[in-house]
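Written below as structure tokens is the structure these notes are about.
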Amino acid sequence: MARLVLCVLALLACGLADPVHKVQQKIADKEFLEHQVDVLNLFYHIHEPIHEPELQHWDQWDLIQNIEKYTNETAVKLYWEFIKSDAILPRGVPFSVLEPTHLFEAKLLYNVLYSSKDFSTFYKTAVFVRNKVNEGLFVYVLSVVLLHHPGAQGIVIPPIYDIFPSYFHNAQVLTTAQRINTHGKQWLEHYPSTYVWDENVVIRWNDTVWPYFTDDNTLTYFTHDVNLNAFYYNHNLFYPYWLGGEETPLIKDRRGEFWWFLHKQIVTRYYLERLSNGFGEIPVLDFNVVQQGHVPQISYHNGIPFPVRPNHFHLDQPEFVEAITKIIDYEHRVREAIDQGYVVNHVGEHINIHTPEAIDILGRLIEGGIDSPNPKYYKDFISIWKALLGNTLWHKQRYHNDQVALVVPSVLEHYQTALRDPAFYSIWKRVLKLFTAWHKTLPSYDVHKLILPSVTIKSVEVDKLVTFFEHVYLNVTNHLYLNEHESKAVVDDVSVLVQRPQLNHKVFTVRVNVTSEEAKTVLVKFFLAPKYDSNGVEIPLHENTENFYLLDIFPYDLPTGNVVIKRESTDNWLTIRNWTPGYEVYEKAYNALHGKGQFVLDKTHRLNGFPDHLLLPKGRVGGFPFVLLVHISEFRPSKIPQGSNYDPIVSYGLGSGARWLSDEPFGYPVDRPLYQWQADKVPNLYIQDVHIFHKHVPEVDVPQVV
């Protein structure tokens, strides 16, 4: 099998790379390596048919003749009928998991692939459908199956921006890449901002200075960050709103509470970035006018541009009445449940939600997915907001064979692009207000319960916090068409990289000086919040509670006496430096399979890590004030200890109930309003002023990391 392996490299200034996290490892065996290489072949040039000669004969795999090899024969028979009658979404058109007809096919294909009795059947089925089904639907379903099937644990899925570069790069960039793909390295001087680096052609790009743009693009370094958008997409692979129930018990993972906390983290992190750049509050969303428009800059692979929302977008239009009525109605049902203190489940029973644990119920209720207590009554109004503000409601829906909807979803309607649109944060600010209203129905934390007896934080010391921009290089070759020679040899003659600026931060250390009267295991948390609002007014602690962003959380064995808890930013297990590019994973697995080196399985491949380079907001050149809150509590392990019933080296443990470190509420103790008078009485809680400085790379002095 011939293939030119394209390794994405990052030119990093001396010492700017992230030191390696300490992780446990396993060496992949031959069977795993074969599966890893086979799976990666399915993602290769996804918009084209499979070119591997040894795989092409499986294109004739017959589902019905092999039906005994599946546990879900009903799904297999139904999907076979769909294929024969050409009732599936055609290739080359946009796919949206929020479109009901697309979702129906996606769930059906998931059930077929998931019910394969062995890997051989799974892979032959995947190869069979690879050339037939819509490529967006195929990648989505295949990724969900690989993450959830017990027999596929540890297999590395390429980052979504490797598979579909068109969701992450401007159409102008990809047009230039196509020209380079056609003409090779000749005539590069005629293309804008290109140069040759080793065997690669590099296109320089910076979204923040693109001139063909109608709204403010200052924050695009954050909203367009490929890792941030991929992180959000990955979460929705772990917990698809349509997947759950008894067969896939994702409800054990506190999925509703985590769904709330994840979005609170993202919105808060965006708010910190807005303040760093001198912007005001996140706009309040109502039913009148959305002032900020959005030009996505990107196009679908088939050339169709993403819908545009103009500035001063009026919602009081006749064609929007039905959607707005539904939003008002569905939101009212949630508000009513919060006020009444209970929700009505699908059989009419009342479920009390005026308990701290009920946030999990509320989260599943508002998400409106399969694990909602009553999805037929408490419906998904967030997706309606997305269609409304994405400006897609006006599109006249067409159908393939009068059965499958052909749609042009906005960036808001794809998880991998939703964070690009400022409207996403306005939608979620409105949704989070529902959770805030619910939190206010709970009593404030009792000071005596916040106190950890015998533990006192004496002081907190933080290194100077410095951010900067660095260049990263992303491979877009998977987007480009193979010529006749490349197709026959299964190689890429031309490798095209896109150089983009990326916010990063200097490695820093937090030192917490603690006195403890007894030895015990504790849980340490670091939170970051703004000190002042956009008007320069200091935010009272109880109002600032919803703006606290969880930086780090870790257990610590506290000895008796005075101790300094030293925590490096590189020790943060919530973050990941970068996902290994798909081409690099393929190279390592292929070489290991043929006796050249080893393929190491560890947590560095995990898709659920938050991008480390966005751990800190940008700050300002002269420094921007924030507050760092440090809290130490008694370590209370999860009811099912973390990683106890799965192998955390290769598995995400989805649905195990053992994914989380602690049994504490997410965001505790600032998940509810915390008043200054409370904080003053809690010796194991400490608030420290910090400043974040933004520097140009030549000004950043970072020691060499060997």
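The values are calculated or read from the model by the stated rules, or taken from the named source; none is laboratory data. Small disclaimer: the values here were computed from a predicted structure and weren't measured. Cβ atoms come from the backbone with ideal geometry, glycine included; neighbour counts cover every protein chain shown. We work out accessible area using only protein heavy atoms, side chains counted, and drop any ligands, DNA or RNA first. Shrake-Rupley method; radii C 1.70, N 1.55, O 1.52, S 1.80 Å.
Could you tell me whether the range 672-681 includes any residue that is in a loop (DSSP other than H, G, I, E, B), in contact with a strand residue (DSSP E or B) (Cβ under 9 Å, 6 or more places away or on another chain) and not assigned by the TED database to the domain that holds Gln153? The answer is yes, given that some residue of the range 672-681 is in a loop (DSSP other than H, G, I, E, B), in contact with a strand residue (DSSP E or B) (Cβ under 9 Å, 6 or more places away or on another chain) and not assigned by the TED database to the domain that holds Gln153. Selection of the range 664-681 for residues being under 19 Å from Glu546 (Cβ atoms) and either among the hydrophobic types (A, V, I, L, M, F, W, C) or free of Cβ contacts under 8 Å to residues at least 12 places away in the same chain (or both) yields Phe666, Val670, Leu674, Trp677, Ala679. Restricting attention to the range 475-513, the residues that are more than 30 Å from Lys618 (Cα to Cα) and modelled with pLDDT of 90 or more add up to 6.
To keep it simple, each residue is scored yes or no on (1) over 30 Å from Pro94 (Cβ atoms); (2) open to solvent by less than 10 Å² (accessible area, probe 1.4 Å); (3) not aliphatic (A, V, I, L, M).
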residue: Asp360; (1), (2), (3): yes, no, yes
residue: Asn374; (1), (2), (3): yes, no, yes
residue: Trp385; (1), (2), (3): no, yes, yes
residue: Val404; (1), (2), (3): no, yes, no
residue: Val408; (1), (2), (3): no, no, no
residue: Gln416; (1), (2), (3): no, no, yes
residue: Tyr445; (1), (2), (3): yes, no, yes
residue: His448; (1), (2), (3): yes, no, yes
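Output yes when any residue across the range 152-167 is over 17 Å from the mean Cα position of the chain (by Cα), without any contact (Cβ under 8 Å) to a residue 40 or more places away in the chain and in a helix (DSSP H, G or I), and no when none is. Scanning the range 152-167 turns up no residue that is over 17 Å from the mean Cα position of the chain (by Cα), without any contact (Cβ under 8 Å) to a residue 40 or more places away in the chain and in a helix (DSSP H, G or I). In the range 490-504, of all residues being open to solvent by 10 Å² or more (accessible area, probe 1.4 Å) and part of a strand (DSSP E or B), the one that is farthest from Phe164 (Cα to Cα) corresponds to Pro501.
Among the criteria (1) open to solvent by 10 Å² or more (accessible area, probe 1.4 Å); (2) within 25 Å of His148 (Cα to Cα), the one Arg274 does not fulfil is (2). Against the test of being modelled with pLDDT of 95 or more and aromatic (Phe, Trp, Tyr), the options Phe222, Phe213 yield a single qualifying residue, Phe222. Taking the range 459-489 as the range and being more than 31 Å from the chain's Cα centre (by Cα), under 26 Å from Lys506 (Cβ atoms) and open to solvent by 20 Å² or more (accessible area, probe 1.4 Å) as the test, the residues that pass are Ser459, Glu461.
Yes/no per residue for (1) crowded, with 21+ Cβ neighbours inside 10 Å; (2) closer than 29 Å to Phe624 by Cβ:
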site	(1), (2)
Pro240	yes, no
Trp260	yes, yes
Ser299	no, no
Pro310	no, no
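Taking first residues from the range 225-251 that are in contact (Cβ under 8 Å) with a residue 12 or more places away in the chain and among the charged types (D, E, K, R) and partners that are open to solvent by less than 10 Å² (accessible area, probe 1.4 Å) and in a helix (DSSP H, G or I), the Cβ contacts under 7 Å between residues at least 6 apart in sequence or on separate chains come to Asp225/Leu614.
Restricting the first member to the range 186-199 and to residues that are within 15 Å of Asp493 (Cβ to Cβ), and the second to residues that are open to solvent by 80 Å² or more (accessible area, probe 1.4 Å) and at pLDDT 80 or above, the beta-carbon pairs closer than 8 Å and six or more apart or on different chains are Val196/Lys185. Of all residues in the range 632-640, at least one satisfies being surrounded by 20 or more Cβ atoms within 10 Å (Cβ to Cβ) and not hydrophobic (A, V, I, L, M, F, W, C). Condition first: without any contact (Cβ under 8 Å) to a residue 40 or more places away in the chain, closer than 25 Å to Phe626 by Cβ, of a type outside the set (Val, Ile, Thr) and assigned to a helix (DSSP H, G or I). Can you find one or more residues in the range 274-287 that meet it? Looking through the range 274-287, none of the residues is without any contact (Cβ under 8 Å) to a residue 40 or more places away in the chain, closer than 25 Å to Phe626 by Cβ, of a type outside the set (Val, Ile, Thr) and assigned to a helix (DSSP H, G or I). Restricting the first member to the range 168-181 and to residues that are open to solvent by less than 10 Å² (accessible area, probe 1.4 Å), and the second to residues that are assigned to a helix (DSSP H, G or I) and of a type in the set (Val, Ile, Thr), the beta-carbon pairs closer than 6 Å and six or more apart or on different chains are Phe168/Val226.
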